[in-house]
Every structure is written in structure tokens, then in C-alpha cells.
Amino acid sequence: MEKRYKIGLFFVLILISVLVAVLMWKRHTMDGFPNEGARAEQDQDGTGELSGVDGQAPKTAEEIYNVQKMNALTTADTVCIYENIDKKDGSMSVEVGKLPAKYVGLNRTELEELLAEDSLAPTLAEKQKGFKSQHLELFSAEKIKVLRIYDTTKDTTGFYIMEVDGEVCVYEHDRTTLYFKTGLRTEQLPADVRYELRKGKFMDSELQVYHFIESYSS
């Protein structure tokens, strides 16, 4: 009986030793790898690759995308889209082309500032087309879109000299807005001139109007 007892005790000690060795090995293995929380802190406090605008790690994919977009720069391959709107009738046209060299290598803020400067001093060609203003609508490294406002309404000037109740009157270009009454009676005028005034005689400038009146006032 004593011999069997010793043998059983020997195997129990061996089993305990094996269990202790396994537990020690597992503990050593766990200590060698940081858990998820530690890795998250390392991402935030380590390289900073995921840092947000305020130095904090973005928590969503949208925040990460916004950070990347803010740091984007235009390149020679960036597509430039101009959306042109005419205030005269609301018509719209679109131009797609290569990004002008002066807009290459800029971030969104820099591009907006340069577009604002160009709005204050447009080229002669743009002025002739009725250019009024422009602003940035879309920005990315792949493409930008600029909204440009034009006004092709022609400035109408000139005057109409007309007969009203036997008196020579001057009207603005719309033929309805009275500019002034001359005090000149139509019976003082030659027949051919009276005929012109019944239809309305157009004058390009105020100077021409005064020359006409003076020629028949004396």
C-alpha cells in the first residue's frame, strides 16, 4: 500500500508541475502582445498618422476623409470645370479643361484666395464677356469646379426727340421716360423734321440733343 501511495503522489506532483509550467508560458505570451486598448492608445499618441484637426484621432471614416481632403493639393492632372451662369437670362454653360498653371500646387484655402483676387482684376477678355464674380464650389486633388457669374445685358443709351402736343420733348432710350421738355414748338420746324419727330428722332448722346435744339431755337 505504501509503495502505491508513493507512486500516486509522484504522478500528482508531475501533473501539478506541468500545469504550473503551462500557466507560466501563457502568461509570458500574453505579456508580449499589447491588447486592443493599448494599440488604440499607441495609434493616438505614437506616430500620429490618424490624428485629426485638433490632434485627436478621428473616430469615423468621414472625419478621416475630411482631414485628407483639407491637406489635398491641386496638380497638373487636376481637372478644371467652369460652370458659367448669365444673369441676363439664367442660361448656363460648362467648360471642362486643364487646370491653369497658376492654380497648380494649391490647397483649398490658397485656391479660394487666388480666385477672389482674380475676381477683382479680371482680364480684358473676361470683362468684354460681362464677367462679374467667381467662387470655388468643389475641391479635390482630382478636380475642381468654379462657378462664374456673367451679365451680358447690354447697356442701352441714347435719346429720342419726339413731338408731344405740339412741343418738342426729349425722352430716354425707352421712349417713355421723359428726359426734359425743350419749350420748342413744332410749328417752328421744317416739315421734314416735324415728320421725323412724329416717329421719334434718335440721338446717340446728350450733346447731339443740345446741338439739335440750338439749331432750331434761334
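log10 I(q)/I(0), Debye, Cα-only segment 101-218, no solvent, q = 0.11 Å⁻¹? Values returned for q = 0.11 Å⁻¹ are -0.57. Using a probe of 1.4 angstrom, how much of the accessible area of segment 62-190 is carbon and sulfur, in percent? Result for segment 62-190: 51 percent of the exposed heavy-atom area is carbon or sulfur.
Cross-link check: pairs LYS98/LYS145; LYS88/LYS201; LYS88/LYS132 evaluated at a Cα-Cα cut-off of 21 Å; pairs beyond the cut-off: LYS88/LYS201.
The local environment of LEU136, defined by Cβ-Cβ distances under 9 Å, has a net charge of 0 under the rule Lys, Arg +1 and Asp, Glu -1.
Electrostatic tally near ARG194: other residues with Cβ closer than 15 Å to its Cβ, Lys and Arg +1, Asp and Glu -1, net -2. Accessible area per residue for segment 164-218 is 65 Å², calculated with a 1.4 Å probe on protein heavy atoms, without ligands, DNA or RNA.
The values are calculated or read from the model by the stated rules, or taken from the named source; none is laboratory data. Here the structure is a predicted model, which is why all the values come from computation and not from measurement. Every residue, glycine as well, gets a Cβ built from its backbone with ideal geometry; the counts of neighbours run over all protein chains shown. Note: accessible area is taken over every heavy atom of the protein model, side chains too, but ligands, DNA and RNA are not part of it. Shrake-Rupley method; radii C 1.70, N 1.55, O 1.52, S 1.80 Å.
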